[in-house]
Amino acid sequence: MKRTTRIFFSLCLVMMAGLAFTGCGGKDDPAPDNKKATFKFTITVAGADDKDQVDVRVSAGNHDASQYGSPVWKINGVTQGNENVMILDIDNFVGGVKTYVVETVKPFNFSGLSVGVVNNAQVPGAVTISYKAEVDGKVETNVQNVATAASQSYNKEYTYVAK
């Protein structure tokens, strides 16, 4: 009986040592890719009134969070504060055709674009949205003239990474 117990405990020790050494050593997670790119988004909305809903959100960041505390965006050429997310809403698009160019002021690791339109049909006609996303000057997404009819909505989410 003592011999069986000793063998059992020896096997347990060997298994525990094997498990301990299996979980250690080497790199567990690969380092994030540190490639950076500039991001540019062009958004045009036509036919919106103050009863409709238009939400456009762009974001950018780095794996090391170095974007915090410094300017990230320009809107139509004007540098914004240190916001890493820019939001354009219905107030930005009421009255005719409105176009905004939102671009990063320096290169980043990744970015995102979210667009949403709800046509609440207070005036006849559709709310039309067009948008383009560029990464280092290369067009990644180009959606033109999506018409949202009365009582309809349109929503899309995109993510982009430096290549």
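The values are calculated or read from the model by the stated rules, or taken from the named source; none is laboratory data. If you're wondering where the values come from, they're calculated on a predicted model, not measured in any experiment. Here Cβ is always computed from backbone atoms with ideal geometry, including for glycine, and neighbour counts include all displayed protein chains. Protein only, heavy atoms only, side chains kept; ligands, DNA and RNA dropped before computing areas. Shrake-Rupley method; radii C 1.70, N 1.55, O 1.52, S 1.80 Å.
Quick test for you: out of Val161, Val127, pick the one residue that is open to solvent by 20 Å² or more (accessible area, probe 1.4 Å) and either under 17 Å from Phe41 (Cα atoms) or over 14 Å from the mean Cα position of the chain (by Cα) (or both).
Val161
Mind checking which residues of the stretch 55-103 are part of a strand (DSSP E or B) and among the aromatic types (Phe, Trp, Tyr)?
Of all residues in the stretch 55-103, those part of a strand (DSSP E or B) come to 55-61, 73-75, 78-79, 85-88, 98-103.
Once the filter is applied, which keeps residues that are part of a strand (DSSP E or B) and among the aromatic types (Phe, Trp, Tyr), the stretch 55-103 yields Trp73, Tyr100.
Starting from the stretch 150-163, take each residue that is among the basic types (Lys, Arg) and list its partners that are in a strand (DSSP E or B), counting only C-beta distances under 7 angstrom and pairs at least six apart or across chains.
Lys156/Val115; Lys163/Ala37; Lys163/Val135
Please state which one of Asn119, Asn142 is under 21 Å from the mean Cα position of the chain (by Cα) and either open to solvent by 60 Å² or more (accessible area, probe 1.4 Å) or not aliphatic (A, V, I, L, M) (or both). Steps first, answer last, please.
Numbers: Asn119 fails: under 21 Å from the mean Cα position of the chain (by Cα).
None of the other options fit; the residue is Asn142.
Looking only at the stretch 70-91, which residues are modelled with pLDDT under 90 and among the charged types (D, E, K, R)?
Taking the stretch 70-91 and keeping what is modelled with pLDDT under 90, we get 70-72, 81-84.
The one that is modelled with pLDDT under 90 and among the charged types (D, E, K, R): Glu83.
Within the set of pairs 6 or more residues apart or between chains, which connect a residue that is under 27 Å from Asn62 (Cβ atoms) and in contact (Cβ under 8 Å) with a residue 24 or more places away in the chain inside the stretch 81-101 to a residue that is assigned to a loop (DSSP other than H, G, I, E, B) and open to solvent by less than 50 Å² (accessible area, probe 1.4 Å) with Cβ atoms less than 6 Å apart?
Hits for this filter: Asn84/Gln67; Asn84/Val72.
Kindly establish whether Val102 is closer than 24 Å to Phe39 by Cβ and not acidic (Asp, Glu). Please lay out each step first, then the result.
Values: closer than 24 Å to Phe39 by Cβ: yes; not acidic (Asp, Glu): yes.
Yes: the conditions hold for Val102.
Would it be correct to say that Ser130 is in a strand (DSSP E or B) and at negative phi? Before the answer, list the steps.
Values: in a strand (DSSP E or B): yes; at negative phi: yes.
Yes; evaluated as a whole, the condition is true for this residue.
Can you spot a residue in the stretch 93-111 that is of a type outside the set (A, V, I, L, M, F, W, C), open to solvent by less than 40 Å² (accessible area, probe 1.4 Å), farther than 19 Å from Thr42 by Cβ and under 14 Å from the mean Cα position of the chain (by Cα)?
Within the stretch 93-111, one or more residues are of a type outside the set (A, V, I, L, M, F, W, C), open to solvent by less than 40 Å² (accessible area, probe 1.4 Å), farther than 19 Å from Thr42 by Cβ and under 14 Å from the mean Cα position of the chain (by Cα).
Taking the residues in the stretch 120-158 that are in contact with an Asp or Glu (Cβ under 6 Å, 6 or more places away or on another chain) and at pLDDT below 95 as candidates, determine which candidate is nearest to Lys36 (Cα to Cα).
By that ranking, first place goes to Val127.
Exactly one of these conditions fails for Asp50: (1) of a type outside the set (S, T, N, Q); (2) open to solvent by 80 Å² or more (accessible area, probe 1.4 Å); (3) within 19 Å of Lys35 (Cβ to Cβ). Give me its number.
(3)
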